[in-house]
Every structure is written in C-alpha cells, then in structure tokens.
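Worksheet: the structure to be examined is printed underneath.
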Amino acid sequence: MSELHKFVFEGLPVRGMLVRITDAWQEILQRRAQAGGYPAAVTELLGEMTAAATLMQANIKFDGALVMQIHGDGPVKLAVAEVQPDLRLRATASVTGEVAEDAPLSHMVNVTNQGRCAITLDPKDRQPGQQPYQGVVSLFGDRREKLEKLSEVIEHYMLQSEQLDTKLVLAANDKMAAGLLIQRLPLQGEGNLAAQSQQRDEDQIGRSEDYNRIAILASSLKREELLELDADTILHRLFWEENLRRFDPLLAGAGPRFACTCSRERVGGMLRSLGRDEIESILEEQGRIEVNCEFCGAAYEFDPVDAAQIFLQPLAQPPGTDRPQ
C-alpha cells in the first residue's frame, strides 16, 4: 500500500516528508508492459520522478496539477510525472533508442548538456487565456557539470526558484518508487511554489546549522534502505536523536494512487486542435482515427460521424460513443 508521511522537527525550522509508492507504481509499470515495458534505467528515473513530484505536490498545498517533465537529446526524449492535489498520479516516458541497464541521467536525457527539467503548476480553476506557472532548470550545475542524479536537479531547482535549502533522497525499482524530502522552513510566508507572493530569504541559504545537521543525516540514507525498510524504521534510524513530531500518514484512498485524467472529451479537443482538414485527411486514408493514451493505455476510436461531431459547437454537440478499448 502506498503511503505518505509528514513530520516536523520540534523547535527547529525544518520539515520533512517520506513517500513510498507501491501499488500505484506497479500499476503504471503493468500498463506499460503491454507496450514492451521500460528499460531498467528508465524505470528507475521515472519512478524517482514520480516520488519527487508526489513530495513536491504534498509540500505546496496547490489546488491543481503538478507536472514534472524531463526532456533532452538522449534516447529518452521525454519523461513525465503528474500528481493531482489529492495525490492521484500518473507517469510515462518516451524511449526512442537503446538504454543501457546502468545508464546515468546524462546518457538518457542530457548527452550534449541541453536537457531540461520543467515543473508546471496548472490551476484546477484556470481561466481561459490564463497560463500555468512553469519553472525550468538545466540538468547541469553552477559550473556546467552534468548532474547525474535527479535529486540534485530538484535540489538545484528549489534553490533557484524558492531560495530554500532542500535535501532529497530518491530511489525506485520495479516494485516501489520512494523518496525522502528535508527542507528548511522559510522565515516568512508560505515559501513554496504555490505562494503568490513570498519573502526572499537568500541570505539564509546554507546558514541554518539545524537544517545542515538534519540534511547530513538524511544523506546517509542508502538506496537499498529507502526501498526495503518501512517508514518507522527509516525515520528512527536517521533521526532517533531528534525531537520528531509526526502527523497521521496518508494511506489508501487518501495517499498516492494511480489515476489517469484522459477522457474522450479531452481527446476530442486534441483532435479539434489539429483542424478539420487534417482530420479529414486521416479519415480518408485510414477510415477511422485511433488515439491511445500514453499514460494508461486506453484507446479511443473516432469514425467519420464521431469526427464530424467534435467540430460542432460544444452546446450543440450530441454525446459521442465512448469506446475506450
């Protein structure tokens, strides 16, 4: 069962979260297995992205989708993890070449140091014409050295965009996607991605001895421990000397779980954006249009009558025949 644990260090400006995604992550991989599955290194990267996106969404209290994307010039052209405010999640990756079992991040998405990581916040009640918030960070450090861990990329992002010290430990395999986040609390305001206005506190970066001590303890957590030990054991081993206050964990229906937001209406909107001429050309050649969701594998089919309906005004459009396969 997937679970998310939140905690604070009493009397200290430090908070933390631990996530362990099991059933939801296994369902993502099982659905992808029908299309051939992912190489081991891609499974690890996408699992770490899923854990990181879940931690970030749970941390910011944002009423909308958080979407993490990594794209570049390697065999992994795009990897996406999306988490809704209630922790429903989905993830997918596009792989176009051979990926070695132990391929590092740079070999997969950052061969020529042009790879990017984008974090997008798409409000649930976004108005027409309103653009979602997006922050983008390169996959290299301050000296243009290639970063080989997703955790380093996200930590770099948090320093650049939020001016908050963050320590992130991530791990994933074909059974679990897991992560531990430790963050220095801002001096004022929300101090996170969801804040409309926030107090900059760059002068505090790296100066909190309490945060630095706890971050060092978190860094000692090994990949195998994160994947194999239960949450109670992990937190006790790392922070047994600290005064830790834990909140009720988010489990089952309240915790991380797989759900896809695809629908026939959304697919119809995508087809509409292609234009009538393009749609008619496809129909003339193939007789029908089939669209498969990259996240869940659902198939949507449109015959000429269905295709004609998507170009009608929404109020005049009769309900189409929903045919997910």
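The values are calculated or read from the model by the stated rules, or taken from the named source; none is laboratory data. Remember, it's a predicted structure, so these values are computed and weren't measured experimentally. All Cβ positions, even for glycine, are placed from backbone atoms using ideal geometry, and neighbour counts span all protein chains on display. In case anyone asks, the SASA skips ligands and DNA or RNA and just uses the protein heavy atoms, side chains included. Shrake-Rupley method; radii C 1.70, N 1.55, O 1.52, S 1.80 Å.
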Yes or no: the stretch 65-77 includes at least one residue that is crowded, with 23+ Cβ neighbours inside 10 Å, among the charged types (D, E, K, R) and assigned to a strand (DSSP E or B). no
Take the stretch 88-97 and flag every residue that is open to solvent by 10 Å² or more (accessible area, probe 1.4 Å) and touching a residue at least 24 places away in the same chain (Cβ under 8 Å). Arg88, Arg90, Thr92, Ser94, Val95
Inter-residue pairs, beta-carbon under 7 Å, first closer than 13 Å to Ile70 by Cβ and in the stretch 132-154, second among the aromatic types (Phe, Trp, Tyr), 6+ apart: Val137/Tyr157; Leu147/Phe140
In the list Pro132, Pro128, which residue meets the criterion of being in contact with a Ser or Thr (Cβ under 7 Å, 6 or more places away or on another chain) and open to solvent by 30 Å² or more (accessible area, probe 1.4 Å)? Pro132
Filter the stretch 137-187 down to residues that are part of a strand (DSSP E or B) and more than 17 Å from Lys222 (Cα to Cα) and give me whichever is most open to solvent (accessible area, probe 1.4 Å). Lys146
Given the structure, is Lys6 open to solvent by 20 Å² or more (accessible area, probe 1.4 Å), in contact with a strand residue (DSSP E or B) (Cβ under 7 Å, 6 or more places away or on another chain) and either among the acidic types (Asp, Glu) or in contact (Cβ under 8 Å) with a residue 60 or more places away in the chain (or both)? yes
Val109, sole failed condition from (1) farther than 23 Å from Arg20 by Cα; (2) surrounded by fewer than 22 Cβ atoms within 10 Å (Cβ to Cβ): (2)
